[in-house]
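Novice: After the structure tokens below, expect a handful of questions from me.
The values are calculated or read from the model by the stated rules, or taken from the named source; none is laboratory data. Nothing here was measured: the structure is a model prediction, and the numbers come from that model. All Cβ positions, glycine included, derive from the backbone under ideal geometry; neighbour counts span all protein chains shown. Quick note on the areas: whole protein, heavy atoms, side chains included, nothing else; ligands and nucleic acids left out. Shrake-Rupley method; radii C 1.70, N 1.55, O 1.52, S 1.80 Å.
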Amino acid sequence: MSTTTDAPAFSLARAMAEAAAEIDQALDILLPPEEGPEAPLYAAMRYAAIGGGKRLRGFLVLEGARQFSVSRQAALRVAAALEMVHAYSLVHDDLPAMDDDDLRRGKPTVHKAFDEATAILAGDALQSHAFTVLAEDATHADPAVRAELVRCLSRAAGPRGMCGGQMLDMLAERSEEQLDEVAIGRLQTLKTGKLIEFAAEAGAILGKAPLAQRHALLGYGRDLGAAFQIADDLLDATASAAETGKATGKDAAAGKATLVGLLGLERARLQAERLVAQAKAHLDGFGERGDLLRMLADFTIERRS
């Protein structure tokens, strides 16, 4: 793993690509090798977590940590742990009992490449292993920092975070009543936004930052997460499977509750643009050091995958 803490002045695309490569290297080191009688489980975990994806959440951890000169190795461990939790959520989300998807990041989903039981176990193991990584001494010398990382990520992923949002999403699909804008916003904040909030805040936790700066990054993550989800819904409605690496058009077909479905394409785009502007405003106190985070906010609604 690299120990570099200063980001060279280059494009966001290159910065994200280099960060993704570093995160994949960290995952390769931190995940169990494919050996022993449990090898099929380890293979499924590695298949789900390594390679593919934008690594937006991991990149957010690294850039947040850079604001406070946190060591790259520590930041990479947290980024990798977060990507494990995100990968677990995708493995389970793709299962037949959930969204029933055959394609993820341009390749067969885990339950298609292996089998459903292995996919369930791989998701469970990725989630558990993420917290092992966060709790180890190598993540931070201060046990209070490690405990705070564990607390915040478990809260973001649990019943009052991602899992709660998934439940609301399933209930909305089954209901004949359309959710209003406030209810959809809450659903999406829990389902998608909470992990992105943690990603933005994690660097400040690692750096023992003053509360004002930690709250600023948390606010940035909250608005970024909301914009990201609207952008995802816009892509589902307008992009091709070749562009996104997964099936599209499924939200409308399944009757999912989205702001795109409620507001229409143009009003949803305007709402995403407002959220991006708000997210960038939270970074006013970070000066030029926050430029990549500002660029990431713009990228969130400009991307095609």
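Novice: Between ALA15, ALA144, ALA75, which gets the highest mean-square fluctuation from a Gaussian network model of the chain, Cα cutoff 10 Å?
Specialist: Maximum among the listed residues: ALA144.
Novice: With a ≥ b ≥ c the root eigenvalues of the C-alpha gyration tensor of the stretch 110-158, is it rounded (a/c under 1.5), prolate (a/b larger than b/c) or oblate?
Specialist: It is prolate, given that a/c is not under 1.5 and a/b is the larger ratio.
Novice: Specify the residue with the greatest mean-square fluctuation among PRO159, PRO37, PRO143, computed from a Gaussian network of the chain linking alpha-carbon atoms under 10 Å apart.
Specialist: Judging by the Gaussian network model, the answer is PRO37.
Novice: Continuing with the same structure: Would you look at the GNM of the chain, springs on alpha carbons closer than 10 Å, and say which of ALA231, ALA44, ALA97 moves the most?
Specialist: ALA97
Novice: In units of 2.2 N^0.38 Å, what is the alpha-carbon radius of gyration of the stretch 134-229?
Specialist: Ratio of Rg to 2.2 N^0.38 Å for the stretch 134-229: 1.23.
Novice: Going by accessible area, probe 1.4 Å, with all protein chains left in place, what is the ranking of ASP298, ASP115, largest first?
Specialist: ASP115, ASP298
Novice: For labels at LEU211 and ALA144 in the simple 7 Å Cα→Cβ model, what's the distance in nm?
Specialist: So the label points at LEU211 and ALA144 sit 1.4 nm apart.
Novice: So, one more: Ignoring everything but the protein chains, give the 1.4 Å probe accessible area of ARG274 in square angstrom, nearest 10.
Specialist: We get 130 Å² for ARG274.
Novice: Two decimals is fine: what is log10 I(q)/I(0) at q = 0.15 Å⁻¹ for the stretch 1-151, from a Debye sum with one equal scatterer on every Cα and no solvent?
Specialist: -0.77
Novice: So if we plug the beta-carbon distance of SER69 and ALA97 into 1/(1 + (r/R0)^6) with R0 = 41 Å, what FRET efficiency do we get, rounded to 0.05?
Specialist: FRET efficiency, SER69 to ALA97: 0.35.
Novice: Round to the nearest 10 and report in Å² the accessible area of SER175, as given by a 1.4 Å probe over the protein chains' heavy atoms.
Specialist: Its heavy atoms expose roughly 60 Å² to the probe.
Novice: Just to confirm the filter: which GluC sites (Glu not before Pro) across the stretch 157-211 are DSSP coil and have at most 10 other Cβ within 10 angstrom of their Cβ?
Specialist: Sites meeting the loop and neighbour criteria: GLU176, GLU177.
Novice: Right, something else. When the gyration tensor of the stretch 16-79 is built from Cα positions, what are the square roots of 5 times its three eigenvalues, in whole Å, from largest to smallest?
Specialist: Ellipsoid semi-axes (Å, largest first): 26, 12, 7.
Novice: Here's a follow-up. Let me cross-check LEU153: its accessible surface, 1.4 Å probe, with only protein heavy atoms counted, in Å² to the nearest 10?
Specialist: About 0 Å², rounded to the nearest 10.
Novice: Kindly provide the pair-distance distribution of the stretch 173-239 built from C-alpha pairs, with 10 Å bins from 0 and whole-percent values in order of increasing distance.
Specialist: Answer for the stretch 173-239: a P(r) of 20, 39, 27, 11, 3 percent.
Novice: From a point 7 Å beyond the Cα of GLU173 in the direction of its Cβ, which residues of the stretch 82-107 have a backbone N at a distance under 11 Å?
Specialist: 93-101
Novice: Kindly give the semi-axes, whole Å and largest first, of the ellipsoid equivalent to the chain, taking each as the square root of 5 times a Cα gyration tensor eigenvalue.
Specialist: Ellipsoid semi-axes (Å, largest first): 28, 25, 17.
Novice: Do you know the relative contact order of the chain, to the nearest whole percent, from alpha carbon pairs under 8 angstrom that are 6+ apart?
Specialist: Computed value for the chain: 18 percent relative contact order.
Novice: On to the next question. What FRET efficiency would be calculated for the residue pair GLU181, SER11, taking the C-beta separation as r and a Förster radius of 35 Å, to the nearest 0.05?
Specialist: Computed FRET efficiency for GLU181 and SER11: 0.50.
Novice: Keeping the other protein chains in place, figure out the carbon and sulfur percent of the accessible area of the chain, with a 1.4 Å probe.
Specialist: In the chain, the share of accessible area belonging to carbon and sulfur is 54 percent.
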